[in-house]
Amino acid sequence: MEIVCQREDLVFGVRTVSHALGGRTSMPILGGIRFHATANGIELGATDLERAIQCRAAAQVQGEGVMVLPGQVLSQLVTRLPEADPVHLQEADGRVRLSCGQASFELLTLPADEFPEVTRPATAPLCRLSLPALLQCIAQTAFAALRASETTRLALTGVDLVLRDGAVKFAATNGYRLAIKRVPVDGLPEGHEAAFLVDAAILTDLHRVLSGVTADAVSIYAEGGQLHFEAGPVLFSSRLIQEQFPDFERVIPRDNEIGLHLPREPFLETLRRMEITSAEESGAVTLKATAQGTILEVSSASKDKGEGHEFVELVKPAAKTIEIAFKAEYLIDAVRRMESGQVVLWLSAPERAGLLEPSGEIAPGDEGFIYVCMPVRLL
Amino acid sequence: MGRWILHVDMDAFFAAVEQLDNPGLRGQPVIVGGLGPRGVVSTASYEARAFGVRSAMPMAKARRLCPQAAFLPPRFDRYEELAGRVREILSSYSPLVEPISLDEAFLDLTGTERLHGPLERVAAEIHRRIPAELGLPCSVGLAPNKLLAKLASEAAKPGGLHIVREEEVEGFLAPLPVDRLWGIGPQTTRRLAERGVHTVGDLRQVDASLLCSWFGPNAGAYLWRLARGVDDSPVVAVREAKSISQEVTYPEDLYREEAIAQELRRLALAVAGRLAEEGLLATTVRVKIRWSDFTTRTRQVRLPEPTDHPVLIADEAVVLWRRGEGHGEKGVRLLGVGLAGLVPATFRPLHLFASPRLTEAIHEVRSRYGPSSLSLGLDKGQEAR
């Protein structure tokens, strides 16, 4: 087998699939990158059994076949390859000779027949959506999930993807806050409903991988107990979490009357300042507004550090008087991921959930985003 | 100005409570502890001690030594209730009350003479009031520090009052065997005995530099201070609980998954109840499992926010156990649920899916009808509500 390809294509392929390299020593084969050479070019693949990434690259191939190269070595190598074209890969007797410019390597291979089967979906995609929309869906929800170290219950470590009524809804929660993003999709059959729970950490990886891909759209496939995302030359497959995601629609407050309309950047900066003097255990900041008042008072107090106060001008007067405390981090997490000039925090009572959404002139990246945050009761 | 610390030790507390509540047991040997085949003695009444029964002795041995005794399981809620009343009496003399267990507490009386009169009289009054108001005997020690106060109450046992004044310290300590001192274990006792040091008086004769050459500079200096009855550790009013846990050794190993889950939920509810009683929230949930072959595992998880919600705690406990390795064939001999990372409940992060009203309702029912009045009957896979 002999492969001739452009340096840039090989670098991109190796970098892309290396996000799925398994670090487990119990299965050394998972540390390998699989090269599948056909008449149409090469396809690189890697998997840690939780996720699999495949990436096509243009290449001239002589003698089709499969080989598995050590992933760590290869990813280090491609970052330091000399600036020269093309790259030659030639396999013989369990070794691969890689040469680029004046540099050449003899690399050991891993047994190709041990590499786990990585499949491509055979069916038509479930739906399509724009790549920037998918990236924004992940960026505005995955952060809200529980990290695996914070729970033993897997459901909340995932992001729920609900396909319904021509749209996909991403939802993630750690039990104390909930981020939801809804964007329209193409090609979803009318009346078709489906939900998939995907590990938030894997989706964050998907975001990283697809950020580097030049493509307009992403196709989503559901097949073989996995969800597959295809954009340009890249196919990213993720296993699903087989747990019941909580019924999040139930906890979205729909009739909060007090809307605090705030300029996003100043509000964010105030929260970041007030977080410094928040109590260590609760991390809480108190928000105070009076009926018809045009000022929001943000404050925090800590036994050990002291206290802080700041005023933020409201864009519109508050409907009613309210005093409520939130964990500063939870508000900051959402406000900093929004792009619009204004946000609105809808409240009803000090012990009821608040709902945060973009307001005023809504930036395209903020369409369909809402965030529910439970308050902290200060005793 | 010197300090005055009082130490109260309830005599054979658990057994005395049983004799109080059941007059038929008075004057009879009473043994409280785990009654299963693997149980140990928690407390033996003085009548039972006459037969050689001691705390921490295997129950089977206690049954052999004193078969005619009344063998009773502990009733911690009742003991806790009475311990609370002892603490109430103590706190009427000084706010600095440090309970060190259900049956022992320190009280710092320094500077209260102007309020309550001479401290010898106060000690005598406390020593009289506790049996008079609760019907339970106690021993009381009064001394210039915690170390001496505890030794004084020991010297007063059973049922006495002993006061050690500054000028009496040397004479009081001298005849005591060294292992009576706090922090001197069997190892140190043996090493001291090898060098001819048996009593505190002997220890006092040993030069400081010699002690340091025997035990190193830190331990040496510590022993030097002990021998002189020097202790400046303060009485800490509220002892900060580092963790709250409860565990049960089962008379028969548990095999059924549902039975184990049910037990974990019961334990979780119990520890969550204690958390609420002490006004704390927990950030870490631990599960301890001991299998029939005595392999023991502890698993824990750190939650995103501190909580005292029984359902959240129970759900984590059950899944901690389920996700662990090796619970196929072997039976489970012991289960425990523990909470750590405790913070005062000066705030409560509200949960989207687990209502705080449930916590409040559970705590109310438990405090009104007792801790066994409620259990969590959630099935596998059900979400916290």
Breaking point among (1) crowded, with 16+ Cβ neighbours inside 10 Å; (2) over 14 Å from A:Lys169 (Cα atoms), for A:Ser211: (1)
Answer from A:Glu323, A:Glu313, A:Glu275 - the residue that is open to solvent by 10 Å² or more (accessible area, probe 1.4 Å), within 27 Å of B:Phe353 (Cα to Cα), touching a residue at least 40 places away in the same chain (Cβ under 8 Å) and more than 14 Å from chain B (Cβ to nearest Cβ): A:Glu275
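Per-residue answers, yes or no, for (1) in contact with a strand residue (DSSP E or B) (Cβ under 8 Å, 6 or more places away or on another chain); (2) within 29 Å of A:Ala155 (Cβ to Cβ); (3) at pLDDT 95 or above:
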| position | (1), (2), (3) |
| --- | --- |
| A:Leu260 | yes, no, yes |
| A:Ile276 | yes, no, yes |
| A:Ala284 | yes, yes, yes |
| A:Lys288 | yes, no, yes |
| A:Lys303 | no, no, no |
| A:Gly306 | no, no, no |
| A:Ala325 | yes, yes, yes |
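Answer with yes or no whether A:Gln102 is farther than 30 Å from A:His228 by Cβ, over 28 Å from the mean Cα position of the chain (by Cα), open to solvent by 70 Å² or more (accessible area, probe 1.4 Å) and touching a residue at least 60 places away in the same chain (Cβ under 8 Å).
For A:Gln102, the condition - farther than 30 Å from A:His228 by Cβ, over 28 Å from the mean Cα position of the chain (by Cα), open to solvent by 70 Å² or more (accessible area, probe 1.4 Å) and touching a residue at least 60 places away in the same chain (Cβ under 8 Å) - is not met.
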The listed residue being under 30 Å from the mean Cα position of the chain (by Cα), open to solvent by 30 Å² or more (accessible area, probe 1.4 Å), assigned by TED's automatic domain parsing to the domain that holds B:Asp9 and closer than 21 Å to B:Arg121 by Cα, out of B:Ala143, B:Ala149, B:Ala155: B:Ala155
Of all residues in segment A:32-76 being of a type outside the set (Asp, Glu) and assigned to a loop (DSSP other than H, G, I, E, B), the one that is modelled with the lowest pLDDT: A:Leu49
Restricting segment A:341-353 to residues that are within 14 Å of another protein chain (Cβ to nearest Cβ) and in contact with a helix residue (DSSP H, G or I) (Cβ under 9 Å, 6 or more places away or on another chain), the residue that is surrounded by the most Cβ atoms within 10 Å (Cβ to Cβ): A:Ala353
Any hit, segment B:192-208, residues being of a type in the set (A, V, I, L, M, F, W, C) and either open to solvent by 50 Å² or more (accessible area, probe 1.4 Å) or touching a His at 6+ places or on another chain (Cβ under 6 Å) (or both): no
Residues within segment A:162-199 that are more than 22 Å from A:Gly365 (Cβ to Cβ), away from chain B (no Cβ under 14 Å) and touching a Phe, Trp or Tyr at 6+ places or on another chain (Cβ under 8 Å), tallied: 1
Residue in segment A:354-364 that is away from every other protein chain (no Cβ under 14 Å), surrounded by fewer than 16 Cβ atoms within 10 Å (Cβ to Cβ) and among the β-branched types (Val, Ile, Thr) present: no
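Does A:Ala84 satisfy the criteria of being open to solvent by 50 Å² or more (accessible area, probe 1.4 Å), assigned to a loop (DSSP other than H, G, I, E, B) and aliphatic (A, V, I, L, M)? Break it down stepwise before answering.
Working: open to solvent by 50 Å² or more (accessible area, probe 1.4 Å): no; assigned to a loop (DSSP other than H, G, I, E, B): yes; aliphatic (A, V, I, L, M): yes.
Against the criterion (open to solvent by 50 Å² or more (accessible area, probe 1.4 Å), assigned to a loop (DSSP other than H, G, I, E, B) and aliphatic (A, V, I, L, M)), A:Ala84 does not qualify.
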Total residues in segment A:360-379, condition under 20 Å from A:Glu297 (Cα atoms) and either touching a residue at least 12 places away in the same chain (Cβ under 8 Å) or touching an Asp or Glu at 6+ places or on another chain (Cβ under 8 Å) (or both): 6
Contacts under 7 angstrom Cβ, first residue in segment A:123-150 being away from chain B (no Cβ under 14 Å) and polar (S, T, N, Q), partner open to solvent by less than 30 Å² (accessible area, probe 1.4 Å) and in a helix (DSSP H, G or I), 6 or more apart: A:Gln136/A:Gly365
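The values are calculated or read from the model by the stated rules, or taken from the named source; none is laboratory data. Here the structure is a predicted model, which is why all the values come from computation and not from measurement. Note that we place each Cβ from the backbone using ideal geometry, even for glycine, and neighbour counts take in every protein chain shown. The protein model used for the area step is the full one, side chains on, heavy atoms only, and it has no ligands, DNA or RNA in it. Shrake-Rupley method; radii C 1.70, N 1.55, O 1.52, S 1.80 Å.
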